[in-house]
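Contents: one structure, followed by commentary.
Every read-out reported here was derived from the displayed coordinates using simple, explicitly stated rules and does not represent laboratory data. No experiment lies behind these values; they were computed from the predicted model shown. For neighbour counting, all protein chains shown are included, and Cβ atoms are generated from backbone atoms with ideal geometry for every residue, glycine included.
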Amino acid sequence: MATTTGRARPRAGRPPLVAPVLPPLSGALRAVVVAVPLAAAALVAAVVPAAAALVPGPAAAAGPLLLVAAVVVGLPHGAVDLLQPELTPRSARARALLGTAYLGLVAAAVLALRAAPLPVLAVLLVLAAAHFGLADDVVHGWRTGRAPAHRGAGDRAVAAARVVALGGLPVAVPLALADGDVRRLLAVLADGADGPVVDGARAVLVPVGVAVAVVVAVAVRRRDVVGAVEPLLLAGLFVLAPPLPAFAAYFGLWHSLRHLARLLALDAVRHRDGASGGATTGPLRREELRCAAARFARAAALPTALALSTLVALALVAGGDVVPAALVLVLCLTVPHAGAVALTDRALRRGATPGGQGRARPSRTARRRSSRAPISRSAPRSVGS
Ligand SMILES: CC1=C(/C=C/C(C)=C/C=C/C(C)=C/C=O)C(C)(C)CCC1
Ligand SMILES: [Fe+2]
């Protein structure tokens with residue numbers, strides 16, 4: 001993604017001088033991060049089982065198609081992993097190395113999955129659950145202002161439960177309740193060993209259920225309605241709707257959409273900071289988000305096209321079967337994607353300082369400049385990322 005205009009780029013391997021702070025979740029951004037994913041989960045949980053009862057044939061045929069569509073729609077959310085300034089090294093050589101390592105990890109994961117299907121699939125599924133759960137924990141920090149950088153031991157324990165609950169539900173439940181479609185896909189992915197994957201998923205349902213109970217209880221005590229509803233809606237989605245449409249809705253309209261919103265918000269803040277010297281806060285304006293979306297579309301186009309071509313190539317190698325190919329691609333992309341997102345989040349957290357509402361104190365020049373900047377606003381309510 002294009003980076004800031006006037007702000008100094010971070011040195012290789014170091015967090016930026018002024019970490020962008022996610023602005024308060026309000027307006028369109030709140031709708032995209034909270035209302036749309038929750039409404040989509042509720043709608044799919046209600047409508048898809050009804051459709052499956054009324055028109056079983058077309059509903060069953062739609063599952064694999066929806067999954068492939070969701071993977072394609074979700075590909076861009078990882079397309080700018082290496083363009084985050086908190087992660088990108090300064091020198092072109094180091095950037096090329098990082099890009100090669102990213103693609104090398106995808107290729108290594110594909111080869112490893114072929115060489116040892118069952119153990120490698122198990123590792124990839126655990127990684128996927130961790131990635132999903134951590135992403136929703138970051139969104140929780142954004143929504144509530146309880147930034148990960150400023151948590152005490154109690155908050156950290158609840159965060160761990162949140163990661164297990166919100167990451168475990170979308171991976172363990174559809175696999176534990178595997179229907180014919182999922183069994184067939186698992187048999188392709190795990191070279192006939194679908195049974196052990198389903199058994200393993202069933203075994204983790206108890207810890208995931210306990211984590212859900214903890215998260216809901218804590219959210220109720222804190223009067224955090226969204227925090228209590230999130231795991232219940234995800235559980236409802238994956239228990240009521242068939243696994244493939246449920247996962248498609250989750251991946252396209254929950255995980256990818258939330259990540260995309262976060263990328264746009266971060267980029268908009270970096271641009272705002274670039275213009276103001278790093279001291280402006282307050283909700284993002286629609287115009288700022290529109291510009292960030294345009295920059296994102298430009299930056300994500302080529303990597304997304306590359307991922308789509310890889311999908312076509314994998315499908316051709318798999319004899320034209322695009323559904324397992326899409327799953328192999330998305331699972332193997334998760335290896336570098338989860339790593340890149342985790343490293344970027346860590347850099348963003350480290351750039352945050354508790355006393356400064358999540359950001360390092362800007363220089364005197366920056367402060368003087370920002371006091372004249374037209375977009376300077378009130379103090380932020382939410383912090384960190
Ligand atoms: C294997 C398999 C599944 C799980 C796929 C997963 C878990 C994908 C994770 C993707 C990630 C983490 C993308 C990165 O953002 C389903 C669809 C449940 C059922 C069919 C077989
Ligand atoms: Fe992701």
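Can you compute the FRET efficiency between ALA217 and ARG90 using 1/(1 + (r/R0)^6), with r the Cβ-Cβ distance and R0 = 45 Å? Round to the nearest 0.05.
Approximately 0.45, to the nearest 0.05.
Report Rg(Cα)/(2.2 N^0.38 Å) for the stretch 16-111, keeping two decimals.
Working it through for the stretch 16-111, the quotient is 1.61.
For a quick check: sort ARG221, ARG285 by the number of other beta carbons within 10 angstrom, fewest at the front.
With the sparsest Cβ surroundings first, the list reads ARG221, ARG285.
Through the Karplus equation 6.51 cos²θ - 1.76 cosθ + 1.60, θ set to phi - 60°, convert the phi angles of the stretch 22-28 into ³J(HN,Hα) values in whole Hz; use x for Gly and Pro.
Karplus-based 3J(HN,Hα) across the stretch 22-28 equals 4, x, x, 7, 8, x, 4 Hz.
Can you give the Rg to Rh ratio for the stretch 72-217, taking only C-alpha atoms and Rh from Kirkwood?
With Rh from the inverse mean 1/r over Cα pairs, Rg/Rh is 1.03.
Where q = 0.08, 0.10 Å⁻¹, what log10 of I(q)/I(0) comes from the Debye formula for the stretch 27-372, counting one point per Cα?
Rounded to two decimals, the profile gives -0.40, -0.63.
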